[in-house]
Amino acid sequence: MEKDKILAMIKAYISKMPSLPTTVSKILEICNDPKTSPSDLNQVISLDPVLMGKVMKLINSAYYSLPNQITSLVRAIIMLGINTVKNLAISTAILGTLGNKKNFQAINMDGFWRHSIGVGVTAKIIAKYRNVDKTLLEEYFVAGLLHDLGKIPLNNKLSTEYVEAISLTDKEHIPLYQSESRLLEVNHAEVGKLIIESWKLGKDIEDSVYFHHNVMDYEGENKDILYTVVASNTFANTYEIGFSGDRYPEKLAPEIFKYLGIDWEYLEEIEDEVNSEIDKAQIFLRVAG
């Protein structure tokens, strides 16, 4: 099938995907304003009983292990932080749209999400180690969580061809995106970019999704989060944290290690912490879903 036809099919699929709920779109708009306060979010979330319930469920979950139950929404927002609430809203919308098992034909759903979570928590751990502003840490988590989002439409609409792409990866020991490009003439990074654009999730996440397999071509302003996601993805694939169809990742460019100020030994040392954080983050996604 020609690339134009495949892209047309994928774009049609994405166009039929539910748009982000009004509440989520409003939250993203509010959070882009540096003057946003917890009371601003409180006004929006209080009008959405489902999302309000998820915020309260998250703050009172084992993930935070608080001694007393929180019953005030505005207090929950303050304690979670604006970025965590924003990313909970995003995750809720994404899992509600793409989390169904029927969307996973060639790749096991549980393995896919564990890999995605693994990349997210690794990115957050690296960012924290590098003293990234703590209000931005959840951005790194979500960018890592969504980096492989484009595999779902490919998996769904071209499941037979996608099985062949994964088989080619295993047969020739090449990265999955190369198999995708060879057989489908489009890869999951390109498809993921279309979804992020459609949902207007922000340039930082868009760049992390689109450039995570051609990172050395990137010349934009979101290098920090992109390099962190790339390192985290290579680590998760190498250590087989979950499975997203990619057993043969490319080696990490020395420039990425140098920029981040880490090495492979550091990544090996955080493996236990990553697995522990994955278990905690599962709670985050169960709440979101």
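The numbers here are math on the coordinates, done by the rules we state, and not lab data. Computed from a predicted structure; not experimentally measured. Using ideal geometry, Cβ is built from the backbone for each residue, glycine included, and neighbour counts are taken over all protein chains shown.
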**Message:** If you consider only alpha-carbon coordinates, what radius of gyration and Dmax does the chain have, in Å?
**Reply:** 18.6, 58
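Using only alpha carbon pairs under 8 Å that are at least six residues apart, calculate the relative contact order of region 10-120 and give it in whole percent. Could you put the intermediate results ahead of the total?
Working: 60 pairs, mean separation 31.3, N = 111.
Dividing the mean separation by the residue count of region 10-120 yields 28 percent.
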**Message:** Running a GNM on the chain with Cα contacts under 10 Å, which residue among S39, S25, S159 ends up with the highest mean-square fluctuation?
**Reply:** S39
**Asked** For the chain, what does -39500 (n - 2.57) per DSSP helix run (n ≥ 4), summed and divided by total residues, give at 222 nm, in deg cm²/dmol to the nearest 500?
**Response** -21000 deg cm²/dmol
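Tell me, in nm to one decimal, what length is gained between S61 and M216 on full extension, where the rule is 0.36 nm per residue of separation less the Cα-Cα distance? Intermediate values should be presented prior to the final figure.
Values: separation 155, 0.36 × 155 = 55.80 nm, distance 3.99 nm.
Taking S61 through M216 to full extension adds about 51.8 nm, to one decimal.
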**Request:** Rank-order 167-176, 185-194 by packing density, defined as the average count of other C-beta atoms within 10 Å over each peptide's residues, highest first.
**Result:** 185-194, 167-176
**Asked** Under 16 Å Cα-Cα from K200, which aspartates and glutamates qualify once same-chain neighbours fewer than 8 residues away are excluded?
**Response** E29, D33, E139, E190
**Item:** the chain: angle of helix 188-199 to the longest principal axis, Cα-based, in degrees nearest 10
**Value:** 30
**Request:** Relative to the longest principal axis of the C-alpha atoms of the chain, give the angle of the C-alpha long axis of helix 22-31, reported between 0 and 90° and rounded to the nearest 10°.
**Result:** 80
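Counting alpha carbon pairs within less than 8 Å and at least 6 residues apart, what relative contact order, in whole percent, applies to the chain?
On the way: 384 pairs, mean separation 70.3, N = 289.
Relative contact order of the chain: 24 percent.
Per Stokes-Einstein, at 10 °C and 1.306 mPa s, what whole-number D in µm² s⁻¹ belongs to region 1-73, with the Kirkwood radius over Cα pairs as the hydrodynamic radius? Before the final figure, lay out the partial values.
Values: Rh = 15.3 Å.
So the translational diffusion coefficient is about 104 µm²/s.
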**Asked** Going highest first, how would you order 269-275, 220-226 by mean Cβ packing within 10 Å?
**Response** 220-226, 269-275
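Around G202, under 11 Å between beta carbons, what's the net of Lys plus Arg minus Asp minus Glu among the other residues? Present the calculation step by step, with values, prior to reporting the outcome.
Working: positive: K86, K200, K203; negative: E139, E197, D204, E206, D207.
Every neighbour counted, the sum reads -2.
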**Item:** Sorted peptide list for 87-94, 129-136, 50-57, 251-258, criterion being average Cβ within 10 angstrom, highest first
**Value:** 87-94, 50-57, 251-258, 129-136
**Asked** Which pairs, out of K171/K203; K16/K124; K16/K193; K35/K86; K5/K251, put more than 25 Å between their alpha-carbon atoms?
**Response** K171/K203; K16/K124; K5/K251
**Isotropic mean projected area of the C-alpha convex hull, region 190-282 (nm²)** = 6.7
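Only Cα pairs under 8 Å and at least 6 apart count here; give the relative contact order of region 37-96 as a rounded whole percent. Please report the intermediate quantities before stating the final value.
Values: 36 pairs, mean separation 22.9, N = 60.
The value is 38 percent.
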